[in-house]
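Asks: One structure, as structure tokens, below. Some questions next.
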Amino acid sequence: MTSALFSPYKINGLELANRVVVAPMCQYSASDGMPTDWHITHLGMLANSGASLVVVEATGVERRGRITHGCTGIYSDASEDAFARIVAHCKRIGTAKLGIQLAHAGRKASSARPWEGGLGLKPGEDPWPTIGPSAIAPGAAWPAPRAMDEADMTEVREAFVDAAQRSVRIGFDSIELHMAHGYLMHSFVSPISNKRNDAYGGSLEGRMKFPLEVLRAVRAVVPKGMALGARISSTDWMDGGLTGDDSVAWVAAMKKEGLDFVCVSSGGVTAEVRTPTTPGYNVPIAEQIKRETGIATRVVGLIATPKQAEAIIAEGKADQIALGRAMLEDPHWAWLAAKELGADVARPKQYLRAAPKLWPGASYRDNAA
Ligand SMILES: Cc1cc2nc3c(=O)[nH]c(=O)nc-3n(C[C@H](O)[C@H](O)[C@H](O)COP(=O)(O)O)c2cc1C
């Protein structure tokens, strides 16, 4: 039996051993944007998960673009150095390639860490002023952001460019722009959060204008062969919000600007809206985007079992599977998935004796009680 999930895949110049990706996951454990020892451990562990690619958490392109005081940021030389050490470490000890998610939290910035409530920071908690397309708060627990003018847009665009250049220097293999979950780029595209009446609002074309300008500027400084993608909220799950058809147009426009892949997520435009809890809830729109745009399509969201992931790839509904919580629960998820699907994955030599296919006679599970 050949597994589709464990077949190789190539996006632009990025050669990947299989279709399993670790989704970006904030750790809220940085110090003024700088990754710490926690990240060495966390990313080092996931670099040996068997996934072909690990995407580093939403990393703010400017200080005010972090979600919380604990979020990573890539706006300083100190942070660039810290990331460079971690990426070199992961590549030395691990089997996965490394991507980074470049982000700006926009009106959802200045929030508390989830385990401290996750709401907007209150006076006394060192809050900071936020920016967005319109002065519309993401929920009752946040102040309204300041509506951005063109000078703000230039600043943010330049911050994305600077962050992309730092990411290339650090040695990341891929860059993913965060255009999902109600953060700055998504909040421009969604009609729920963008009520502007200048060239950057109104129709979908107007609402896409600023994020497309950011993408164009980033693409211009990222090497041609480097895989550049975006994570999108493919639907707002709200009446009057973004739909799958809007997302097809949105992804097609980004593909024209040189986008290599899309990661299909959803939701997050307001604090109140709840995403579905059905397995693989983003798969139908991912399938539509893949079919109608032809772009390399990654899908995420309640995909947890090897058989479920295998079927999505084998049936051609997506090209890659990103896993979040399943990887936190079992950081060797792909090792056991490969075993179940009759495949195998690269493992560090220190652990080879637990790999039946790579170390003949190591079938300890078959002999265990
Ligand atoms: C702890 C945690 C942190 C997350 N941080 C990010 C993030 O930095 N960027 C992002 O796009 N999504 C983030 N997400 C969402 C996940 O990437 C993923 O889309 C979501 O958890 C659904 O996938 P799952 O069902 O496999 O967990 C986070 C999720 C978790 C559980």
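The values are calculated or read from the model by the stated rules, or taken from the named source; none is laboratory data. Since the model is a prediction, treat every value here as computed from it, not as a measurement. No Cβ is skipped: glycine too gets one built from the backbone with ideal geometry, and neighbour counts run over all protein chains shown.
Asks: Cβ-Cβ under 8 Å, sequence separation 6+ or interchain: first residue in the range 44-58 and in contact (Cβ under 8 Å) with a residue 40 or more places away in the chain, partner polar (S, T, N, Q) and within 12 Å of the ligand (Cβ to nearest atom). Which pairs?
Replies: VAL55/GLN101; VAL56/THR72; VAL56/GLN101; GLU57/GLN27; GLU57/THR72; GLU57/GLN101; ALA58/THR72; ALA58/GLN101
Asks: Here is a further query. Which of the residues that make up the range 189-223 are assigned to a loop (DSSP other than H, G, I, E, B) and touching a residue at least 40 places away in the same chain (Cβ under 8 Å)?
Replies: The answer is SER190, PRO191, ILE192, SER193, ASN194, LYS195, ARG196, TYR200, GLY201, VAL222, PRO223.
Asks: With at pLDDT 95 or above, more than 15 Å from the ligand (Cβ to nearest atom) and part of a loop (DSSP other than H, G, I, E, B) as the only criterion, which of SER49, SER29, SER3 stands out? Please lay out each step first, then the result.
Replies: Values: SER49 fails: more than 15 Å from the ligand (Cβ to nearest atom); SER29 fails: more than 15 Å from the ligand (Cβ to nearest atom).
After ruling out the rest, the residue left standing is SER3.
Asks: Shifting gears a bit: If TRP38 satisfies every condition in (1) more than 11 Å from the ligand (Cβ to nearest atom); (2) in a loop (DSSP other than H, G, I, E, B) but one, which is the exception?
Replies: (2)
Asks: Ok, one more. Of the numbered conditions (1) away from the ligand (no atom under 16 Å from the Cβ); (2) in a loop (DSSP other than H, G, I, E, B); (3) of a type outside the set (Phe, Trp, Tyr); (4) in contact with a helix residue (DSSP H, G or I) (Cβ under 9 Å, 6 or more places away or on another chain), ALA159 satisfies every one except a single condition; which is it?
Replies: Going through the list (1) away from the ligand (no atom under 16 Å from the Cβ); (2) in a loop (DSSP other than H, G, I, E, B); (3) of a type outside the set (Phe, Trp, Tyr); (4) in contact with a helix residue (DSSP H, G or I) (Cβ under 9 Å, 6 or more places away or on another chain), ALA159 breaks only (2).
Asks: Regarding PHE83, is this residue at pLDDT 95 or above and either touching a Leu at 6+ places or on another chain (Cβ under 6 Å) or within 16 Å of the ligand (Cβ to nearest atom) (or both)? So that I can check it myself, show each step before the final result.
Replies: Details: at pLDDT 95 or above: yes; either touching a Leu at 6+ places or on another chain (Cβ under 6 Å) or within 16 Å of the ligand (Cβ to nearest atom) (or both): yes.
For PHE83, the condition - at pLDDT 95 or above and either touching a Leu at 6+ places or on another chain (Cβ under 6 Å) or within 16 Å of the ligand (Cβ to nearest atom) (or both) - is met.
Asks: In this structure, is GLU329 among the charged types (D, E, K, R), away from the ligand (no atom under 13 Å from the Cβ) and over 10 Å from GLY50 (Cβ atoms)?
Replies: On the way: among the charged types (D, E, K, R): yes; away from the ligand (no atom under 13 Å from the Cβ): no; over 10 Å from GLY50 (Cβ atoms): yes.
The answer is no for GLU329.
Asks: Give ALA88, ALA82 a once-over and let me know the one that is more than 30 Å from GLN308 (Cα to Cα), among the hydrophobic types (A, V, I, L, M, F, W, C) and touching a residue at least 60 places away in the same chain (Cβ under 8 Å).
Replies: Details: ALA82 fails: touching a residue at least 60 places away in the same chain (Cβ under 8 Å).
It is ALA88.
Conditions (1) surrounded by fewer than 23 Cβ atoms within 10 Å (Cβ to Cβ); (2) not in a loop (DSSP other than H, G, I, E, B), marked per residue:
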position: HIS42; (1), (2): yes, yes
position: MET45; (1), (2): yes, yes
position: ALA58; (1), (2): no, yes
position: HIS69; (1), (2): yes, no
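Asks: Working only within the range 13-27, note down all residues that are surrounded by 18 or more Cβ atoms within 10 Å (Cβ to Cβ) and over 22 Å from LEU302 (Cβ atoms).
Replies: Residues satisfying the conditions are LEU14, LEU16, ALA17.
Asks: Looking only at the range 116-135, decide whether some residue is assigned to a helix (DSSP H, G or I), under 20 Å from the mean Cα position of the chain (by Cα) and closer than 24 Å to THR235 by Cα.
Replies: Residues of the range 116-135 assigned to a helix (DSSP H, G or I): 116.
Filter again for under 20 Å from the mean Cα position of the chain (by Cα), leaving none.
No; the residues of the range 116-135 include none that is assigned to a helix (DSSP H, G or I), under 20 Å from the mean Cα position of the chain (by Cα) and closer than 24 Å to THR235 by Cα.
Asks: Spot the failing condition for GLN101; the list is (1) out of contact with any Asp or Glu (no Cβ under 9 Å at 6 or more places or on another chain); (2) part of a strand (DSSP E or B); (3) not basic (Lys, Arg), and only one is missed.
Replies: Looking at each condition in turn, GLN101 falls short on (1).
Asks: Considering only residues that are without any contact (Cβ under 8 Å) to a residue 40 or more places away in the chain and within 12 Å of the ligand (Cβ to nearest atom), which ones fall in the range 284-304?
Replies: First pass over the range 284-304, keeping only residues without any contact (Cβ under 8 Å) to a residue 40 or more places away in the chain: 287, 290-291, 294, 297, 299, 301-304.
Selection gives VAL299, GLY301, LEU302, ILE303, ALA304.
Asks: Looking at ILE312, is it β-branched (Val, Ile, Thr), more than 15 Å from the ligand (Cβ to nearest atom) and out of contact with any Lys or Arg (no Cβ under 7 Å at 6 or more places or on another chain)? Full working, then the answer.
Replies: Numbers: β-branched (Val, Ile, Thr): yes; more than 15 Å from the ligand (Cβ to nearest atom): no; out of contact with any Lys or Arg (no Cβ under 7 Å at 6 or more places or on another chain): yes.
Here the answer is no, as ILE312 does not meet what is asked.
Asks: Same structure again: Within 14 Å of the ligand (Cβ to nearest atom) and either at pLDDT below 95 or closer than 19 Å to SER187 by Cβ (or both): does that describe GLY240? Working first, answer last.
Replies: Numbers: within 14 Å of the ligand (Cβ to nearest atom): no; either at pLDDT below 95 or closer than 19 Å to SER187 by Cβ (or both): yes.
Against the criterion (within 14 Å of the ligand (Cβ to nearest atom) and either at pLDDT below 95 or closer than 19 Å to SER187 by Cβ (or both)), GLY240 does not qualify.
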